[in-house]
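What follows is a short report on a single structure.
Every number here is computed from the coordinates shown, using simple stated rules; none is lab data. Quantities reported herein were computed from a predicted structural model and do not represent experimental measurements. Here the Cβ positions follow ideal geometry from the backbone for every residue, glycine too, while neighbour counts run over all protein chains shown.
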């Protein structure tokens, strides 16, 4: 660098040459440009991240204002408010209701501390045996509890190949619980018993006969229990609810033998007998009050069947005649001496109607 010394009037000032001043200005401008470029690059890099962190729409939140500290006194303490009432003075107007204090925290634990568990109580609570009821299945489609069931049906014989006992029947049940019911059952057979023509012709041709009987009516007191219920899918798009039940009871049945050994002299009358019945059935619900019903029932009763032999005494004599005891006309010779246990197994197909038609669920609390 080249310097020149000014005269004394210049007060010893050092003056740079013009080319050196120009170089210095260029240097300062270059540094300023670099700073501006660095700041602009930083703003460009920060702008996308800031935009991604913003919500699409919404009002801008007001700026958070830091709480101002109270002015410090000369001795470093707080300045008292000369207009504030002394501590313990109730508010004006006589309102003594506790006012919520400002600031965060608090909540229900400040208002009612007993509602918040204590730290030492959590361990004890975890040791308690919790008896919780969890319902993991769908509600029952059709409740039976405290409802009446009317079940008209048609029955036909399954176990007698010589004679059939078809006839209508009716069951009426009242469900004490959702699975237990008590009711009445009745069947009507009179005039509907059928002795097949093939059986009659075979009996006449072979001179071999099997004792038969016919039924008139039956009635019983029944108890029904439903151990199984559920649902199944059918016809691709339908779900059916069903239940399986067992029934049993005791009652009476009126029967008489059919005269097949000596129809010319024998004629029997109907007489009631004690009867027991056991059955198992399936119900498929079509609606909440209507179901299709299929039941297999066995009616068990004692029966005195027709005597297989014919008395050899004279025919057409009076009952006062001593030979009447061995006469084919004597009714005492028409029946067998022993009692046979007869099983009448029948299938019952019908509909079940539940009353009332609607019901309400009452879940345990």
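Below are the figures for this structure:
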| item | result |
| --- | --- |
| P(r) tail fraction, segment 105-254 - alpha-carbon pairs more than 18 Å apart, % | 76 percent |
| Volume in Å³ per residue [convex hull over Cα atoms, computed for segment 148-355] | 137 Å³ |
| Size-normalised alpha-carbon gyration radius of segment 257-334, reference 2.2 N^0.38 Å | 1.90 |
| Inverse mean reciprocal Cα-Cα distance (Kirkwood Rh) of segment 131-183, Å | 14.5 Å |
| Ordering of 253-263, 186-196 by packing [mean C-beta count within 10 Å, highest first] | 253-263, 186-196 |
| Peptides 267-274, 282-289, 235-242, 149-156 ordered by average Cβ neighbours within 10 Å, highest first | 149-156, 282-289, 267-274, 235-242 |
| Segments 334-347, 308-321, 218-231 sorted - mean Cβ within 10 Å per residue, highest first | 218-231, 334-347, 308-321 |
| Three-way shape label, segment 201-283, alpha-carbon gyration tensor, a/c 1.5 | oblate |
| Convex hull projection area averaged over all views, segment 156-221, Cα basis, nm² | 5.6 nm² |
